[in-house]
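Engineer: Encoded as structure tokens, here's the structure I'll be asking about.
The values are calculated or read from the model by the stated rules, or taken from the named source; none is laboratory data. Computed from a predicted structure; not experimentally measured. For neighbour counting, all protein chains shown are included, and Cβ atoms are generated from backbone atoms with ideal geometry for every residue, glycine included.
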Amino acid sequence: EEVIILYRRTQDEMPARKEEIARAVEEGIIFKILTLPLKYTADEQGWVCSAHCQQMKLGEPDASGRRRPVPVEGEIYDISVDTVVVAIGNSPNPLIPHRTPDLKTEKWGGVIITEDGATSIPGVYAGGDIVRGAATVISAMGDGKLAAKSIHKLLSPAAQ
């Protein structure tokens, strides 16, 4: 198995500490920079199977001072995936409840989960800032670990 991080800018523009990136590379994580996921596709059973991506290039700096990513016309491709973890920002995206009507959310936009991290959509789990608001990476990692255990339990032959 491999872990791939898709990022719309270059590694130099990543809002992460250099040692975090270096450690990720040491652990074999693949960075596909200048790549913007546009949508995810599911198979007949409803399991995610691909990420539809747009190749990007850097344009002029935006308000953050980082060069703004702009699409490279005609450069769209798919990446095969079997799991997707969306990690963007530290507050809920207001489009999520509008684009995912079956997903139950709090008034402030956070995703409502059960004690095992499950959302109101079967097979979809959430954690971190999308659930609790801006918090620490440690909390998000704990939520990810809980979700992974719950997913493992769900997919284990004993649960079938």
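Engineer: Is it true that some residue in the stretch 9-18 is surrounded by 16 or more Cβ atoms within 10 Å (Cβ to Cβ), of a type in the set (Lys, Arg), within 14 Å of Ala87 (Cα to Cα) and modelled with pLDDT of 85 or more?
Structural biologist: no
Engineer: Still on this model: When you go through (1) in contact with a strand residue (DSSP E or B) (Cβ under 7 Å, 6 or more places away or on another chain); (2) loosely packed, with under 12 Cβ neighbours inside 10 Å one by one for Arg99, which number turns out not to apply?
Structural biologist: (1)
Engineer: I need the full set of residues from the stretch 18-47 which are part of a loop (DSSP other than H, G, I, E, B) and of a type in the set (Val, Ile, Thr), in order please.
Structural biologist: Answer for the stretch 18-47, where residues must be part of a loop (DSSP other than H, G, I, E, B) and of a type in the set (Val, Ile, Thr): just Ile29.
Engineer: I've got another one for you. Could you list, in sequence order, the residues of the stretch 36-49 that are in contact (Cβ under 8 Å) with a residue 24 or more places away in the chain, closer than 18 Å to Gly74 by Cα and of a type outside the set (A, V, I, L, M)?
Structural biologist: Residue satisfying the conditions is Pro37 alone.
Engineer: Criterion first (among the small types (Gly, Ala, Ser), surrounded by fewer than 13 Cβ atoms within 10 Å (Cβ to Cβ) and closer than 22 Å to Gly128 by Cβ) does Ser64 satisfy it?
Structural biologist: So Ser64 passes the test.
Engineer: Working carefully through the options Glu20, Glu1, Glu13, Glu26, find the one that is among the acidic types (Asp, Glu) and touching a residue at least 24 places away in the same chain (Cβ under 8 Å).
Structural biologist: Just a single option satisfies the conditions, and that option is Glu13.
Engineer: If a residue must be surrounded by fewer than 17 Cβ atoms within 10 Å (Cβ to Cβ) and within 21 Å of Gly46 (Cα to Cα), how many such residues does the stretch 115-143 contain?
Structural biologist: So the answer is 5.
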